[in-house]
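The structure appears right after this line, and notes come after that.
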Amino acid sequence: MTFCSAMMVGAAEVEGEWRFYSGHQNGNKYSPLDQINAGNVNRLQIAWQRPGVDPDLLEEEPDINPVSNFYSTPLMIDGVLYSSNALGLVEAMDPGTGETLWVQEPVYKGFRGLAGFPTRGVAYWSDGKKRRIIVARGEFLLSVDAEDGRLDRNFGDGGKVSLARPGPGGPLPDAGTSGPIVAGDVIVIGGGRADDIAVRKGVASEDIRAFDVRSGEPLWTFHVLPRPGEFGYDTWEDGSAKLGGGMGAWAPLTADEELGYVYVATGSPFASFYGGQRPGQNLFANSILCLDAKTGERIWHYQLVHHDLWDYDLSSQPVLGDLTVDGKAIKAVMVPTKHGFLFTFDRVTGEPVWPIEERPVPASTTPGEVAWPTQPFPTKPAPFDRQGFTEDDLIDFTPELRAEALEIVKPYLMGPLFTPPSVEAPGHGKGTLVLPGALGGASWTGGAFDPETQFFYVYAHTHPWIKSLVRPPPLVDSLTMYAHGPSELLESSLEFTEIDGVEDLLDTMDRQVDEGDAYLIYGPDGLPLVKPPYGRITAFDMNTGDTVWMAANGDGPRDHPRLKDLDLPPLGNGGRPAPLLTKSLLFIGEGASIQFSTPRGGGGNKFRAYDKETGAVVWETELAAGTTGAPMTYMHDGKQFILVAVGEKGEFPQWVALSLP
């Protein structure tokens with residue numbers, strides 16, 4: 001294998017393709033294929049598996065170390081698989097064997113050109129003559145020829161457009177983790193690297209940007225942090241917009257080309273556990289945005305979390321579907337959230353399909369913090385995860401376990417959903433127990449929608465977090481406050497001199513952040529602290545908003561020494577798996593522990609098929625590692641395949657393809 005060796009693609013195969021990250025621009029993760037069905041799925045076997053990077057690349061640069069958290073999902077178009085590999089380079093593969101056809105031409109030569117990270121997906125565009133794969137990698141947006149992997153020299157600067165944004169120490173990469181979407185002849189990309197960087201004052205917001213698919217010329221920019229004079233600027237009180245940053249859309253985007261709209265789910269503002277330096281509602285953080293794909297004009301928006309203090313960024317792809325509610329046809333957009341709600345809107349007008357109520361929520365006890373007094377609560381569908389934390393949520397398999405759990409939670413503040421983080425200091429407790437935690441609820445793996453039944457399926461991971469504000473370590477140059485959480489140890493940039501009384505309080509704090517499980521909390525002997533299920537799938541009838549079924553996904557800890565003799569049902573594996581719908585089945589893995597910033601991890605190696613109507617497991621198998629990417633399906637040479645990325649710490653990432661014998 002060499003870079004860009006010319007290997008022409010096969011003849012067009014329109015039926016059975018997977019042309020977008022989620023199968024369709026609407027994000028529904030659905031395929032009508034049914035060669036694999038409930039009657040024969042038990043015969044499913046591995047058709048091929050291969051490394052997440054072509055081995056020839058590693059021979060050229062043996063010091064390259066691909067990431068194990070391999071979250072790429074390929075496209076299958078015209079008889080070829082296209083995907084971001086475990087280094088973020090586009091690879092074209094034979095869908096029948098997994099053999100590499102070509103690897104894209106890197107931007108740079110040598111190690112610098114190869115080292116990198118994957119994105120969740122790539123995008124495809126064609127005008128009937130030219131065929132391009134559009135990918136975001138590092139600081140660049142790239143246009144790659146789908147025929148041979150070479151950069152399109154007519155796009156931007158020799159095939160690349162810079163996506164870097166300003167930062168206090170110089171430009172920062174802004175390619176995001178989910179990649180772009182192409183709507184017509186317009187590339188739209190949302191950024192979203194905030195969770196990979198300690199987001200601090202002085203880092204620019206991650207705006208939504210659009211480019212011409214042929215030339216790479218910038219077309220428009222939507223400011224997720226409004227500028228003076230723009231709508232929403234006044235929701236950053238006391239001029240705090242000048243300190244803003246983050247809010248990038250790290251979830252995949254969706255599009256309705258008939259309407260000409262793109263739907264964007266935005267992230268949290270900088271310092272997502274403390275907002276004393278950003279008083280106000282903070283638009284357009286934590287919002288669903290409907291933008292005109294050609295102009296970037298805001299058609300409508302709805303903020304789903306005001307003044308975020310819980311890291312409840314909108315991490316799931318918006319999903320489009322057509323519903324019939326009370327006899328009325330509705331073009332809908334559905335947004336599952338980390339905090340366990342499924343918000344549903346008319347995607348044309350932005351009107352809620354069912355009423356959304358602004359309900360009072362607890363105030364903050366942290367000096368300088370003014371939590372927003374209300375938050376949006378949808379009246380339908382019902383929550384798909386536990387919300388808030390009380391003693392009734394604690395593990396109670398045996399009286400002894402419950403008694404130990406009660407002791408564990410004594411130092412912590414408990415309360416309903418949206419109870420703010422609290423200061424950890426002598427006499428002030430050890431912080432707030434928050435459920436759902438910052439991993440969800442729902443996460444980037446999102447939901448799936450069946451356009452035939454109008455059922456929506458969503459996975460939830462149930463694990464409480466400690467949200468506490470503590471004194472920073474001495475190595476931090478300026479006095480800042482930050483919260484326990486992955487990748488956010490330096491996240492908040494609060495200048496305490498602006499807050500009355502906080503310096504006296506800080507003088508009483510001498511605890512510093514622990515590594516490891518500091519932001520997660522466990523129950524007795526490493527068991528979960530709360531009642532099961534710990535990983536669940538919920539199915540909703542979106543014509544009525546009613547729950548159809550809920551099922552635990554996996555065994556969970558029922559083989560734990562303190563549970564193994566209790567004859568418990570499946571308790572559910574906590575993880576971050578993504579669903580895949582076919583005509584009769586729901587496929588889903590268990591996620592991988594590599595996706596958790598904790599040695600206790602989560603996930604598992606099982607991959608299952610569920611009956612879509614009942615939630616019954618009809619088949620399962622064990623893969624080489626836990627699923628890290630969203631599964632997809634396609635037809636090739638008369639055979640249906642299911643393909644998914646897997647990975648685990650210490651294991652080389654792989655693609656695994658399944659088919660019938």
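The values are calculated or read from the model by the stated rules, or taken from the named source; none is laboratory data. All of these numbers come straight from a predicted model, not from anything done at the bench. As a convention, Cβ positions derive from the backbone with ideal geometry for all residues, glycine included, and neighbour counts pool all protein chains shown. For accessibility, only protein heavy atoms count, side chains too; no ligands or nucleic acids. Shrake-Rupley method; radii C 1.70, N 1.55, O 1.52, S 1.80 Å.
The lone criterion from (1) without any contact (Cβ under 8 Å) to a residue 40 or more places away in the chain; (2) on the phi > 0 side of the Ramachandran plot left unmet by Asp311 is number (1).
In this entry, Pro376 is excluded by the filter for residues that are over 14 Å from Thr419 (Cβ atoms), of a type outside the set (Asp, Glu) and in a loop (DSSP other than H, G, I, E, B).
If you take just the strands (runs of 3 or more DSSP E) that sit entirely in segment 281-366, which of them hold at least 3 residues that are open to solvent by 10 Å² or more (accessible area, probe 1.4 Å) and touching a Ser or Thr at 6+ places or on another chain (Cβ under 8 Å)? Steps first, answer last, please.
Working: elements: 287-292, 298-303, 319-325, 328-336, 342-346, 356-360.
Ranges flagged: 298-303, 356-360.
Of Gly229, Gly267, Gly275, which residue is assigned to a loop (DSSP other than H, G, I, E, B), surrounded by fewer than 20 Cβ atoms within 10 Å (Cβ to Cβ) and of a type in the set (Gly, Ala, Ser)?
Details: Gly267 fails: surrounded by fewer than 20 Cβ atoms within 10 Å (Cβ to Cβ); Gly275 fails: surrounded by fewer than 20 Cβ atoms within 10 Å (Cβ to Cβ).
Sole residue among the options that is assigned to a loop (DSSP other than H, G, I, E, B), surrounded by fewer than 20 Cβ atoms within 10 Å (Cβ to Cβ) and of a type in the set (Gly, Ala, Ser): Gly229.
Residues considered: Pro420, Pro426. Of these, the only one that is crowded, with 23+ Cβ neighbours inside 10 Å and over 22 Å from Ile537 (Cβ atoms) is Pro420.
Among the residues of segment 269-286, is there at least one that is out of contact with any Cys (no Cβ under 8 Å at 6 or more places or on another chain), closer than 21 Å to Asn26 by Cβ and in contact (Cβ under 8 Å) with a residue 12 or more places away in the chain? Please lay out each step first, then the result.
First, the residues of segment 269-286 that are out of contact with any Cys (no Cβ under 8 Å at 6 or more places or on another chain): 269-286.
With closer than 21 Å to Asn26 by Cβ added as a condition, the list becomes none.
Within segment 269-286 (the criterion being out of contact with any Cys (no Cβ under 8 Å at 6 or more places or on another chain), closer than 21 Å to Asn26 by Cβ and in contact (Cβ under 8 Å) with a residue 12 or more places away in the chain), the answer is no, since none of the residues qualifies.
Leu433 meets the conditions (1) crowded, with 24+ Cβ neighbours inside 10 Å; (2) part of a loop (DSSP other than H, G, I, E, B) in every case but one. The failed one is (2). Scanning segment 400-412 for any residue that is out of contact with any strand residue (DSSP E or B) (no Cβ under 8 Å at 6 or more places or on another chain) and in a loop (DSSP other than H, G, I, E, B) turns up at least one such residue. Scanning segment 70-120 for residues that are within 14 Å of Leu57 (Cα to Cα), assigned to a loop (DSSP other than H, G, I, E, B) and basic (Lys, Arg) returns a single hit, Lys109.
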